[in-house]
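What follows is a short report on a single structure.
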């Protein structure tokens, strides 16, 4: 298994954990829902189940930035250890994917 697939699986699991452990109503779960959608869509792309190509837009850059930003916001908001660990992993995976899409790594 490649590192890319491992990172994507980590992002999906982390996003799902954030969604499950986020207390409150649906309006308070918007960020975890965004993280789940972005990570699942990225998994579909990496495992070659679906394609998303927009002219002039690097989709991996957008999805990586989405994961990094949402993960950072969730990290600042989460009180529990499980949620903080999941947000940290999500931020890390998003940052790595963002830097890779920018050809820095």
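Only residues that are more than 12 Å from residue 34 (Cα to Cα), free of Cβ contacts under 8 Å to residues at least 60 places away in the same chain and in contact with a helix residue (DSSP H, G or I) (Cβ under 7 Å, 6 or more places away or on another chain): list them for the stretch 74-83, please.
Listed by number, the residues that qualify are 75, 80.
To keep it simple, each residue is scored yes or no on (1) part of a helix (DSSP H, G or I); (2) surrounded by fewer than 15 Cβ atoms within 10 Å (Cβ to Cβ).
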| site | (1), (2) |
| --- | --- |
| 1 | no, yes |
| 6 | yes, yes |
| 12 | yes, no |
| 40 | yes, no |
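Looking only at the stretch 76-86, decide whether some residue is buried (at least 18 other Cβ atoms within 10 Å of the Cβ) and part of a helix (DSSP H, G or I).
Yes, that holds for at least one residue.
Looking at the stretch 55-66 only, could you name the residues that are without any contact (Cβ under 8 Å) to a residue 40 or more places away in the chain, farther than 15 Å from residue 7 by Cα and either buried (at least 18 other Cβ atoms within 10 Å of the Cβ) or in contact with a helix residue (DSSP H, G or I) (Cβ under 9 Å, 6 or more places away or on another chain) (or both)?
Those that are without any contact (Cβ under 8 Å) to a residue 40 or more places away in the chain, farther than 15 Å from residue 7 by Cα and either buried (at least 18 other Cβ atoms within 10 Å of the Cβ) or in contact with a helix residue (DSSP H, G or I) (Cβ under 9 Å, 6 or more places away or on another chain) (or both): 59, 62.
How do the pairs read when you match residues in the stretch 13-42 that are touching a residue at least 24 places away in the same chain (Cβ under 8 Å) with residues anywhere that are assigned to a loop (DSSP other than H, G, I, E, B) and crowded, with 16+ Cβ neighbours inside 10 Å, using Cβ under 9 Å and keeping only pairs 6 or more apart or on different chains?
18/78; 21/78; 22/78; 31/22; 32/22
List the number of the failed condition for residue 52; all other conditions in (1) out of contact with any helix residue (DSSP H, G or I) (no Cβ under 8 Å at 6 or more places or on another chain); (2) not in a helix (DSSP H, G or I) hold.
The number of the failed condition is (1).
Read the figures in this text as sums done on the coordinates, not as results from a lab. What you see is a predicted model, and the numbers here were worked out from it, not measured in a lab. Please note: Cβ atoms are built from the backbone with ideal geometry, for glycine as well, and neighbour counts cover all protein chains shown.
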